[in-house]
Amino acid sequence: MSDAALEARLARFLAARLGAETVRIAALERSTEGFSQETFSFEATVVRAGRTETRGWVVKREPVAGLLEPYDLEPEFRVLHALSDDPLPSPPTPWFERDPAVLERPFYVMERLPGEVPVPAPGANGEGPFTDAERAVLGPAVAATLARLHAVDWRRLALDPPAPGAGPAARELAAWRARIARAGFPVEPILADSLAWLGGNLPATDRLVLVHGDYRLGNFLVVREHGTARLTGVLDWEMVHVGDPHEDLAWCASPLWRAGTPYASGLLPPADFFAAYAAAGGAPVDPARIRFWSVLAIVKMIAIMLTGLAAFRDGRTSDLRLAIFDHQLPYLHLLLATTRGWIPGGDT
Amino acid sequence: MTVPVESLVDGAVRTLLDAVAPAVGSRYARGQLYAVIDVLRNLRDRIEERAALAEADAAGAADALARIVVALRAADAAGAADAIAAAVRAAPDGPPAARAAALAAALVRASEVLAALPGAQAAAARAALEACLVDRAFRGIAHLKPSLLAEISRG
């Protein structure tokens with residue numbers, strides 16, 4: 001679909017939902033940051049009851065193929081919609097549409113929040129994404145926001161909770177193991193060994209919470225001003241589910257997202273991040289559970305990459321960015337060895 | 001590599017034609033782009049992954065599996081040792097990629113066999129397996145170029 005056609009369809013959709021006389025779409029941009037859902041941002045100038053208002057919006061649309069297929073956008077929409085009035089910095093998300101006549105595939109619409117998304121990669125000179133002054137403010141804010149997220153009453157969100165005890169760990173491991181199998185590649189021995197280790201070391205969970213599932217550098221929206229920074233949004237809720245809070249903690253602190261720094265998501269030393277989370281009202285962090293979820297974090301990333309590679313191999317996407325995962329997997333195998341504790345000095 | 005070289009080249013050509021070429025405005029850049037596509041198309045059937053990489057993986061796996069078998073026999077786990085030795089014997093002598101794949105599968109089999117043994121009985125064999133997997137991981141990154149992921153993400 002051309003940009004002009006997309007603009008016309010979006011204008012019609014918004015006009016109907018807002019009861020507007022006219023809607024004009026401008027500054028339509030396809031995002032290059034995400035590797036999974038298709039993301040479009042744009043400005044809509046709305047004329048309604050004689051008043052004109054311009055506001056930024058973001059559309060998330062189900063892709064033809066991608067890293068987290070098979071897709072179902074509705075659960076994440078339901079969560080985002082329910083959180084729209086919560087103090088959590090999640091984007092207000094008013095509409096979900098499944099009718100293929102509108103944008104061909106299911107999508108939902110969110111308000112665009114201010115800020116930029118620092119990417120999880122070192123800068124040109126190897127520097128991290130944040131200055132020390134920014135880290136001092138953002139680190140505790142990110143930890144506190146996660147504690148707040150984990151305090152949300154998930155029972156009102158119509159999500160399917162796992163069984164108590166080892167249920168959350170067992171369910172997540174089974175889901176990622178199934179994705180690896182579906183990709184249909186030979187399983188690398190270190191991955192097979194790690195899957196077996198995870199299966200033999202399922203931790204029990206004493207508290208079920210709303211897990212974001214992808215809470216980490218790269219999904220934080222940040223405004224930098226006056227030498228400091230503030231967290232304005234948490235994005236990409238497509239892996240949201242009910243589970244063990246340690247899953248988000250380990251994912252956020254994983255070496256996957258340190259951007260060349262020793263810090264969890266480029267912000268705080270992992271131990272300080274966990275302490276800040278507990279100080280903000282999250283439960284104390286259990287190192288044994290963190291160890292399990294840290295290994296699963298790497299396995300999960302490998303599963304995501306294998307899914308993208310399978311889509312590319314099968315010709316279901318022409319997005320060459322998925323092919324580069326072939327060159328990222330060996331790093332993840334090394335991270336797996338590090339996280340398993342097989343390489344002296346490796347940080348888990 | 002996970003995806004066959006031919007599939008990677010085909011995918012790159014498809015992306016350049018479908019997604020990149022329509023967005024290139026300069027005539028010079030467009031000519032260069034089609035030259036790249038021409039080079040890739042003709043390269044496709046003349047290249048294959050280096051045999052030396054598969055041979056190195058196979059040699060590392062064979063050495064580790066031999067040490068695992070010896071360690072298991074020394075630990076009075078003859079049945080486990082026999083199971084792993086059988087997987088090694090089943091690996092073909094060549095071509096290199098097929099041998100490397102079969103020995104990788106034998107490493108997976110060894111991991112399963114060791115997981116079924118008491119920790120103390122498997123300890124020496126596990127140490128050999130873990131050392132092999134670490135070596136394999138380091139070999140995997142040895143030929144990689146610095147990632148352009150940051151630029152790719154920024155677009």
*Please list, ordered by first then second residue, the pairs with beta carbon atoms under 6 Å, 6 or more apart or interchain, first in the stretch B:127-155 and under 19 Å from A:Thr339 (Cβ atoms), second at pLDDT 95 or above and in a loop (DSSP other than H, G, I, E, B).*
B:Glu130/A:Trp342; B:Val134/A:Trp342
*Run down B:Ala59, B:Ala127 and say which single residue is surrounded by fewer than 16 Cβ atoms within 10 Å (Cβ to Cβ), under 17 Å from the mean Cα position of the chain (by Cα) and at pLDDT 95 or above.*
B:Ala59
*asked:* If a residue must be in a helix (DSSP H, G or I) and under 30 Å from A:Val119 (Cα atoms), how many such residues does the stretch B:108-155 contain?
replied: 14
*Do we find a residue being of a type in the set (S, T, N, Q), surrounded by fewer than 22 Cβ atoms within 10 Å (Cβ to Cβ) and under 23 Å from A:Ser194 (Cβ atoms) anywhere in the stretch A:244-259?*
no
_I'm checking my understanding of the structure. Among residues of the stretch B:1-54 that are surrounded by 11 or more Cβ atoms within 10 Å (Cβ to Cβ) and basic (Lys, Arg), which one is nearest to the other protein chains (Cβ to nearest Cβ)?_
B:Arg14
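A quick yes/no check of all residues on (1) surrounded by fewer than 16 Cβ atoms within 10 Å (Cβ to Cβ); (2) more than 24 Å from A:Gly308 (Cα to Cα); (3) out of contact with any strand residue (DSSP E or B) (no Cβ under 7 Å at 6 or more places or on another chain):
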position: A:Ala158; (1), (2), (3): yes, yes, yes
position: A:Pro162; (1), (2), (3): no, yes, no
position: A:Arg171; (1), (2), (3): no, no, yes
position: A:Ala175; (1), (2), (3): yes, no, yes
position: A:Ala178; (1), (2), (3): yes, no, yes
position: A:Gly184; (1), (2), (3): yes, no, yes
position: A:Ile190; (1), (2), (3): no, no, yes
position: A:Gly199; (1), (2), (3): yes, yes, yes
_A:Ala169 vs. criteria away from every other protein chain (no Cβ under 14 Å), out of contact with any helix residue (DSSP H, G or I) (no Cβ under 9 Å at 6 or more places or on another chain) and not in a loop (DSSP other than H, G, I, E, B)_ = no
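Going by the conditions given, is A:Ile290 closer than 26 Å to A:Ala169 by Cα and either surrounded by 23 or more Cβ atoms within 10 Å (Cβ to Cβ) or in contact with a Pro (Cβ under 6 Å, 6 or more places away or on another chain) (or both)? Outline the logic, then answer.
Numbers: closer than 26 Å to A:Ala169 by Cα: yes; either surrounded by 23 or more Cβ atoms within 10 Å (Cβ to Cβ) or in contact with a Pro (Cβ under 6 Å, 6 or more places away or on another chain) (or both): no.
Against the criterion (closer than 26 Å to A:Ala169 by Cα and either surrounded by 23 or more Cβ atoms within 10 Å (Cβ to Cβ) or in contact with a Pro (Cβ under 6 Å, 6 or more places away or on another chain) (or both)), A:Ile290 does not qualify.
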*asked:* Return the residues of the stretch B:93-114 that are touching a Lys or Arg at 6+ places or on another chain (Cβ under 9 Å) and hydrophobic (A, V, I, L, M, F, W, C); say none if nothing qualifies.
replied: B:Ala104, B:Leu107, B:Leu114
*Take A:Ile298 and decide whether it is buried (at least 24 other Cβ atoms within 10 Å of the Cβ), in contact (Cβ under 8 Å) with a residue 12 or more places away in the chain, on the phi < 0 side of the Ramachandran plot and in contact with a Ser or Thr (Cβ under 6 Å, 6 or more places away or on another chain).*
yes
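Would you check if A:Thr261 is hydroxyl-bearing (Ser, Thr, Tyr), in contact (Cβ under 8 Å) with a residue 12 or more places away in the chain and within 13 Å of chain B (Cβ to nearest Cβ)? Show your work before the answer.
Numbers: hydroxyl-bearing (Ser, Thr, Tyr): yes; in contact (Cβ under 8 Å) with a residue 12 or more places away in the chain: yes; within 13 Å of chain B (Cβ to nearest Cβ): no.
It is false that A:Thr261 is hydroxyl-bearing (Ser, Thr, Tyr), in contact (Cβ under 8 Å) with a residue 12 or more places away in the chain and within 13 Å of chain B (Cβ to nearest Cβ).
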*asked:* Condition first: touching a residue at least 40 places away in the same chain (Cβ under 8 Å), within 14 Å of chain B (Cβ to nearest Cβ) and touching a helix residue (DSSP H, G or I) at 6+ places or on another chain (Cβ under 8 Å). Now tell me which residues in the stretch A:37-73 satisfy that.
replied: A:Ala65, A:Leu67
*Tell me, which residue of the stretch A:333-348 that is in contact (Cβ under 8 Å) with a residue 40 or more places away in the chain and more than 7 Å from chain B (Cβ to nearest Cβ) is farthest from A:Asp193 (Cα to Cα)?*
A:Asp347
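The values are calculated or read from the model by the stated rules, or taken from the named source; none is laboratory data. Keep in mind the model is a prediction, meaning the values are calculated, not measured. Ideal geometry is used to build each Cβ from the backbone, glycine not excepted, and the neighbour counts take in all protein chains shown.
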